[in-house]
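Below: the structure, in structure tokens.
Here, each number is a calculation from the coordinates, and none is a lab measurement. Here the structure is a predicted model, which means the values were calculated and not measured. Glycine also receives a Cβ, built like all others from the backbone with ideal geometry; neighbour counts cover every protein chain displayed.
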Amino acid sequence: MDFDVVVIGGGSAGYAAASTAQSAGAKVAIVDKGPLGGLCILRGCMPTKAILRSSDIFSLMRRAKEFGLSVQNSSADLAAINDRKNQLIAEFASYRVEQLNDPRFTLIQENASFISQNALKVGGKTLTAKNFIIATGSSIAEFPVNGLAESGYLTSDDILELRQAPESMIVLGAGPVAVELAQFFCRIGTRTTLIQRSEHILSKGDEDLARPVEARFREEGMEVFTTTKLLRVEKSGAIRTVFFTHDGKEKSATAETILQALGRKPNIDGLNLSAAGVSTNRGRVEVDQKMRTNIPHIYAVGDVNGLHEIVHIAIEQGEVAAHNATQKESRQFDDRLKTSVTFTDPPVASVGLSEKECRSESIPYLTASYPFNDHGKSMCLGETHGHVKLLCAPDSGEIIGAHIVGPEAGEMIHQMITLMHYKGTVHDLIKIPHYHPTLSEILTYPAEKLSKKL
Ligand SMILES: Cc1cc2nc3c(=O)[nH]c(=O)nc-3n(C[C@H](O)[C@H](O)[C@H](O)COP(=O)(O)OP(=O)(O)OC[C@H]3O[C@@H](n4cnc5c(N)ncnc54)[C@H](O)[C@@H]3O)c2cc1C
């Protein structure tokens, strides 16, 4: 064999896998067709969070009067916003490229495709290995909406290149990517309409977490339609019209641009998985908790297995797969602390179980919540949308889920992740000192309610 471990894909999951395997003493190659850097850095987390910072500041500038301030002649310049983002991304990407070029690994910049269970075709060559870790990520999926492809649409990749904000935009979809970008464009002055099939936006999570975000969107002038069914799209001149049903009636929305943010699909085209006998399910490479596919020495990590398309989870999965490929004792991926953050304003952050999950899996729980509009620090900040919610086991009081929709949710959730890591209870949370006045102390209020109930 040429290598102990060959990692296909050098994004977040692949780099973590390669680094872990090499540290365990394995001879490792990374095959990546490029561009090097991975989704998170090039077109995902980092560029979107960089541009959201501009729209968040712009939104605060519009509220200047509320805080006794005045701002004159404010405007948003998408070209300048994207220039700032490009500068940051170039820095992040060059660091990742440096890491991939580390002589600890053999980096091969080619397309990879299986020839058999132990061999890959890489460029014109054959590469053999004892173990393979597939970490090829995901790409934007196409959806069969009548007339959508013909009318033309933008994707999350395209909007990162725009130099001028469109006058109007219809956003299809309401997952994290869709809602973050919808609010970005709405805030920089694009007339924005969001159309979503489910009853509420961010439909994977609990409804009560989505409603404050929808309310904020509407206050900011966005039109939000939920419980819809897309019928067709038509284009006339420069205007696109989306027809859909809503409240049992046919409706339509028109705009200059459409942002298609309906979802992504795992990158398996061209991998020739059948030559290795690797099973897929609806386009996802199927894995167990050890990140193993049905072929024991072939693993799949990150977006390509479709379990949870989040960077730190892709990294953890990469580490688990590399550990199992190189060590005798095996490790399992632990999803008890599954976390997600949506960087809207208000942001939404969750760790552990949702009420939806508890109900569908018949897991008993107690819950309590507390609103930000009754919390001193959030009132001082003028950020009163949303609430915090805790779920705990009815016998022990162990916290099994924590959810925040409100200011700094993405930061505050880490207090709960830490507590849950140590299997903390609502009684523990009350005992831990909290500085006053801080946003973090709001989490002790539902904990007090639950402690009393228990
Ligand atoms: C707009 C947007 C915003 C996001 N924001 C966040 C966020 O705020 N927080 C968060 O946690 N997550 C976010 N995500 C999700 C996150 O970016 C992904 O979950 C994560 O980057 C996936 O990492 P990965 O290693 O699985 O794949 P990738 O980083 O995509 O790496 C896959 C690599 O495989 C290579 N490759 C593919 N096919 C082949 C082949 N056949 N041969 C060789 N090489 C190949 C590619 O070139 C690529 O380098 C966001 C995603 C998007 C789209």
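In terms of the mean number of neighbouring beta-carbon atoms within 10 Å, the peptides 261-268, 9-16 order highest first as 9-16, 261-268. Charged neighbours of H434, selected by a Cβ distance under 11 Å, balance to +1 (K, R count +1; D, E count -1). With the highest mean first, a sort of the peptides 19-28, 39-48, 179-188, 280-289 on other beta-carbon atoms found within 10 angstrom per residue produces 179-188, 39-48, 19-28, 280-289. Which length gain, in nm to one decimal place, applies between D334 and S396 when the Cα-Cα distance is subtracted from 0.36 nm times their residue separation? Taking D334 through S396 to full extension adds about 20.2 nm, to one decimal.
Karplus-derived 3J(HN,Hα) values for the stretch 64-78, using 6.51 cos²θ - 1.76 cosθ + 1.60 with θ = phi - 60°, are 3, 4, 4, 9, x, 10, 9, 10, 10, 6, 7, 8, 10, 10, 4 Hz; glycine and proline are entered as x.
The spacing between the stretch 43-113 and the stretch 376-430, judged by their C-alpha centroids, is 29 Å. Note on the stretch 1-122: the C-alpha convex hull projects to 10.3 nm² when averaged across all orientations.
Available extension along the chain between S236 and H414 is 59.2 nm, counting 0.36 nm per residue and deducting the alpha carbon span.
Most exposed first by the Cβ proxy, i.e. fewest other Cβ within 10 Å, how do D102, D56, D345 rank? Display every interim value, and only then the final one.
On the way: D102 13, D56 18, D345 21.
With the fewest neighbours first, D102, D56, D345 line up as D102, D56, D345.
Students often get this wrong: which residues of the stretch 107-136 have the backbone nitrogen under 18 Å from the point 7 angstrom along Cα-to-C-beta of N294? Only 114-118, 132, 134 pass the distance filter. Summarised as an ellipsoid, the stretch 153-300 has semi-axes of 34, 19, 16 Å, derived from the eigenvalues of the Cα gyration tensor scaled by 5 and square-rooted, with the largest first. Taking other C-beta atoms within 10 angstrom as a stand-in for reagent exposure, S94, S70 fall in the order S70, S94, fewest first. For E199, project a label point 7 Å along Cα to C-beta. Then give me every residue of the stretch 221-239 with its amide nitrogen under 15 Å of that point. Output list for this probe position: 226-228. Would you list, by chain and number, the aspartates and glutamates whose Cα falls below 16 Å from the Cα of K453, excluding same-chain residues fewer than 8 positions away? Straight-line reach from K453, under 16 Å: D395, E398, D428. For D335, no residue whose modelled amide H falls within less than 5 Å of its own remains once neighbours fewer than 5 places apart on the same chain are excluded.
Remark: the stretch 62-105 carries a charge dipole of roughly 240 debye about the Cα centre, counting +1 on each Lys and Arg Cβ and -1 on each Asp and Glu Cβ. Taking 0.36 nm per intervening residue step and subtracting the Cα-Cα distance, what contour gain separates K229 from D83 on full extension? The span from K229 to D83 would gain 48.8 nm if fully extended.
Using only alpha carbon pairs under 8 Å that are at least six residues apart, calculate the relative contact order of the chain and give it in whole percent. Intermediate values should be presented prior to the final figure.
Values: 957 pairs, mean separation 67.9, N = 454.
Relative CO of the chain lands at 15 percent.
When every alpha-carbon pair in the stretch 327-439 is counted, what percent end up more than 24 Å apart? The calculated P(r) of the stretch 327-439 puts 28 percent of pairs beyond 24 Å. When the Cα positions of A325, I313, A238 are compared along the charge dipole of the stretch 227-356, A238 comes out farthest toward the positive end, with charges on each C-beta of Lys, Arg, Asp and Glu. Put simply, the chain fits an ellipsoid with semi-axes of 37, 30, 21 Å; these come from the alpha carbon gyration tensor as the roots of five times its eigenvalues, largest first.
Calculated translational diffusion coefficient of the stretch 256-397 (37 °C, 0.692 mPa s; Stokes-Einstein with Kirkwood radius over alpha-carbon pairs) equals 177 µm²/s. Computed over the stretch 294-338, the quotient of the alpha carbon radius of gyration and 2.2 N^0.38 Å is 1.12. Entry note, the chain: the mean residue ellipticity at 222 nm calculated from DSSP H runs of n ≥ 4, each adding -39500 (n - 2.57), is -10000 deg cm²/dmol after division by the residues and rounding to the nearest 500. Footprinting exposure proxy ranking of I400, I89, I57, fewest other C-beta atoms within 10 angstrom first, gives I57, I89, I400. For the pair A64 and Q164, a Förster radius of 22 Å applied to the C-beta separation gives a FRET efficiency near 0.30, rounded to the nearest 0.05.
Pairs K130/K290; K27/K49; K377/K431; K125/K290; K265/K290; K377/K449: which are spaced more than 24 Å apart, C-alpha to C-alpha?
Checking Cα-Cα distances, K27/K49; K125/K290 exceed 24 Å.
Whole angstrom only: what separates the Cα centroid of the stretch 130-158 from the Cα centroid of the stretch 284-353? Using only Cα atoms to place each centre, the spacing works out to 21 Å. Backbone geometry of the stretch 93-104 corresponds, through the Karplus equation with coefficients 6.51, -1.76 and 1.60 at θ = phi - 60°, to 3J(HN,Hα) couplings of 5, 5, 5, 5, 5, 4, 4, 5, 7, 4, x, 4 Hz, x marking Gly and Pro.
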